[in-house]
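Input: a single structure, listed below in structure tokens.
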């Protein structure tokens, strides 16, 4: 199987699982920071078991690499907190669609990180995605929960863009599992003091949901996503990641009876249409 095809399969499975993870922002009533702690803790456990069984080394090549991985873990925590907070104060659809600003940021940042040429088609795709997001945001009234949720979602997309670009750089030196292991471990340790300081009542159902979120929607999905960056460009990965809202909106409708408004649907169609066009163009090339 060709390298690029492997990367495409991995990224599509990862995005499907990421789309499912948006539901947990509504299914769990605990704060976003507690959700992320549980998510990263269970992901860390799952990745630890895999690394032990596969006898993979987690030793870093230099102290600098370790510091970078620590910073990436903190960035991952910030990204997921903003993501779940966006969903909690607005809707699953708004949180996921505004998070889709990720490819917009990547389009203009990737040439700087990797000295790659910025194509006109990439710019047009990014502009199209931006126009779709404009429809999703109802107004600039910060007292509006939808608007605030959208801004948190956009911030989540920005942090994820940086995270993905740096992951692409280090995916050539370390396995996807090792990178995911460090990031989830650091994110869990970073959030542990906040988790312990909160007087939370966590039910058995919450633990089951957090375990599923951590093992399948995080450990497995995260590993597949990072590994796909070895085979495909981050900008293409960002475009495909835009399918996450489609999966999330479908799941929210099926399990939460959450129906997005007309503007949200219109913006989502533009965003997903741009993604589909870009994916088809890439395949033809």
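Within this structure, residue 264 passes the test of being farther than 16 Å from residue 12 by Cβ, part of a helix (DSSP H, G or I) and modelled with pLDDT under 85. Scanning segment 157-173 for residues being in contact (Cβ under 8 Å) with a residue 60 or more places away in the chain and farther than 17 Å from residue 126 by Cβ gives a total of 7.
Within the set 26, 55, 5, 61, the sole residue that is surrounded by fewer than 20 Cβ atoms within 10 Å (Cβ to Cβ), on the phi > 0 side of the Ramachandran plot and out of contact with any strand residue (DSSP E or B) (no Cβ under 6 Å at 6 or more places or on another chain) turns out to be 55.
The values are calculated or read from the model by the stated rules, or taken from the named source; none is laboratory data. This structure is a prediction, so every number in the text was calculated from the model and none was measured. Note that we place each Cβ from the backbone using ideal geometry, even for glycine, and neighbour counts take in every protein chain shown.
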